[in-house]
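Here the structure comes first, spelled out in structure tokens, and everything after it is commentary.
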Ligand SMILES: [Zn+2]
């Protein structure tokens with residue numbers, strides 16, 4: 001292959017796939033003979049730190065663990081098993097000149113490691129260009145990275161795809177033109193790989209974080225060296241650093257999940273399997289799925305199950321259950337479970353005027369907002385509008401909230417869980433005993449914690465029970481988790497029932 005000596009990666013925050021909806025004369029000219037990928041999949045949630053983290057660290061967001069608030073304040077750990085592309089290049093090329101010019105300074109603070117000789121510069125994007133050209137004129141760099149933020153600001157303020165947002169993309173196109181002009185003046189066009197990529201898109205309403213096409217797909221452009229003139233169809237944002245290492249002839253860390261997209265280079269193998277990323281001991285514990293024998297409702301017939309979801313086969317969902325959005329069958333605790341981050345279920349809601357219990361297995365993602373596991377009644381997240389009940393899970397707590405009928409009582413119980421439980425299966429059981437005024441909560445078969453609730457209260461409920469959402473259908477409350485063996489039953493479970501469940505799932509005493 002033609003030797004590449006330098007890489008320029010220009011990141012357009014919030015650019016999504018909106019480039020083709022507006023004038024981009026520089027992009028059109030620069031990448032005329034290069035590759036484009038118009039459906040590059042980014043991380044979900046489609047939030048800056050999650051996405052930039054994957055673009056620079058080569059893994060999914062739950063592995064690098066970055067969120068905006070972490071990146072704002074916390075230097076990226078130097079000993080992370082998921083190093084940035086800067087750190088990998090530094091290890092292979094001690095003398096290499098590496099630089100990062102960012103508008104959103106959190107990238108320089110919390111995403112690119114300190115102490116590895118990366119020249120970091122921060123200013124508004126329009127004020128980055130002159131200092132960057134000065135840097136180009138004085139340094140024969142190996143990796144030069146930019147992040148421009150004004151497109152994302154325009155998207156938040158006016159909506160993604162709005163005139164203002166699109167005009168800002170055109171303005172950013174001008175910055176790209178000036179950077180490439182400086183490279184050209186140095187005579188480096190032949191042996192420099194130039195890439196432009198967005199971290200995420202956004203909605204017409206001016207938000208992002210969700211999993212709609214407008215949010216989760218971004219455009220990617222590349223040219224230089226042996227890059228083909230082609231359109232790529234299978235690319236993820238997390239593949240970006242693999243490309244950088246590939247052209248520089250550096251092996252990528254085994255812990256990375258990305259790969260060079262098929263079709264980008266003539267000499268790069270086709271049909272590479274997408275690596276899963278090597279799990280790091282102690283960080284991710286997967287339980288082998290046990291065989292589903294279909295015995296649950298027989299073994300626990302005395303629970304008087306009202307709804308039981310084994311998630312074995314879609315056609316085995318209880319009668320009247322509707323699937324909405326995209327639900328994915330994945331490995332569960334027994335047989336299969338179901339991923340809910342892009343969809344939800346509705347079914348007719350049994351009476352919750354009498355006491356009941358709700359239990360099931362949950363494996364929340366690492367970077368997770370409060371996601372709704374089960375709800376009935378509207379707008380569960382807004383306290384003064386809440387009617388009905390809502391059971392939710394976040395990285396650090398599980399929460400049950402309910403609104404009493406003909407009383408002002410709002411029931412709200414939080415149980416703090418360890419963030420270490422992220423990515424691991426946990427069994428949660430709730431029993432609501434209206435008759436005796438008790439609410440009981442158990443995690444991982446530990447004895448129930450008991451809370452007092454008003455005696456003889458019962459919940460206002462809607463006609464539908466939602467699994468993975470509430471009636472508001474707010475993307476922010478989507479359940480970034482896998483569920484398995486969810487059961488709503490009439491019996492008020494006690495500690496002896498937990499022992500039986502623990503045996504059924506063959507859970508060892510120390511886990
Ligand atoms: Zn962003």
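The values are calculated or read from the model by the stated rules, or taken from the named source; none is laboratory data. Since this is a predicted model, take the numbers as computed values, not measurements. Cβ atoms come from the backbone with ideal geometry, glycine included; neighbour counts cover every protein chain shown.
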Test: residue in region 114-133 that is buried (at least 23 other Cβ atoms within 10 Å of the Cβ), in a loop (DSSP other than H, G, I, E, B) and within 16 Å of the ligand (Cβ to nearest atom): no
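When you scan region 30-38, do you find a residue that is within 16 Å of the ligand (Cβ to nearest atom) and either under 18 Å from residue 169 (Cα atoms) or touching a strand residue (DSSP E or B) at 6+ places or on another chain (Cβ under 6 Å) (or both), even just one?
no
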Index of the failed condition, residue 144 passing every other in (1) closer than 25 Å to residue 224 by Cα; (2) assigned to a helix (DSSP H, G or I): (2)
Complete set of residues in region 401-434 that are buried (at least 21 other Cβ atoms within 10 Å of the Cβ), at pLDDT 85 or above and touching a strand residue (DSSP E or B) at 6+ places or on another chain (Cβ under 7 Å): 425, 427, 428, 429, 430, 431, 432
Residues of region 73-86 satisfying the condition of being assigned to a loop (DSSP other than H, G, I, E, B) and in contact with a helix residue (DSSP H, G or I) (Cβ under 9 Å, 6 or more places away or on another chain): 74, 75, 76, 78, 80, 81, 82, 83, 84
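If you scan region 381-400, which residues turn out to be over 28 Å from the mean Cα position of the chain (by Cα), crowded, with 16+ Cβ neighbours inside 10 Å and either outside the structural domain of residue 430 (by TED's automatic domain parsing) or modelled with pLDDT under 75 (or both)? Even if it seems obvious, please write down each step before you answer.
Taking region 381-400 first, the residues over 28 Å from the mean Cα position of the chain (by Cα) are 384-385, 387-388.
Then keep just the ones that are crowded, with 16+ Cβ neighbours inside 10 Å; that gives 387-388.
Matches in region 381-400: 387 only.
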Hits in region 134-156 - residues which are away from the ligand (no atom under 14 Å from the Cβ) and more than 21 Å from residue 91 (Cα to Cα): 134, 135, 136, 137, 138
Test: residue in region 451-461 that is closer than 12 Å to residue 390 by Cβ and not in a strand (DSSP E or B): yes
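Checking the condition free of Cβ contacts under 8 Å to residues at least 40 places away in the same chain and on the phi < 0 side of the Ramachandran plot, which residue from 472, 455, 502, 491 passes? Before you say what the answer is, go through the steps one by one.
Working: 472 fails: free of Cβ contacts under 8 Å to residues at least 40 places away in the same chain; 502 fails: free of Cβ contacts under 8 Å to residues at least 40 places away in the same chain; 491 fails: free of Cβ contacts under 8 Å to residues at least 40 places away in the same chain.
From the options 472, 455, 502, 491, the qualifying one is 455.
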Qualifying residue in region 87-98 (condition: within 16 Å of the ligand (Cβ to nearest atom), in contact with a helix residue (DSSP H, G or I) (Cβ under 7 Å, 6 or more places away or on another chain) and not in a helix (DSSP H, G or I)): no
Hits in region 159-206 (condition: within 16 Å of the ligand (Cβ to nearest atom) and either assigned to a helix (DSSP H, G or I) or not assigned by TED's automatic domain parsing to the domain that holds residue 102 (or both)): 165, 168, 169, 172
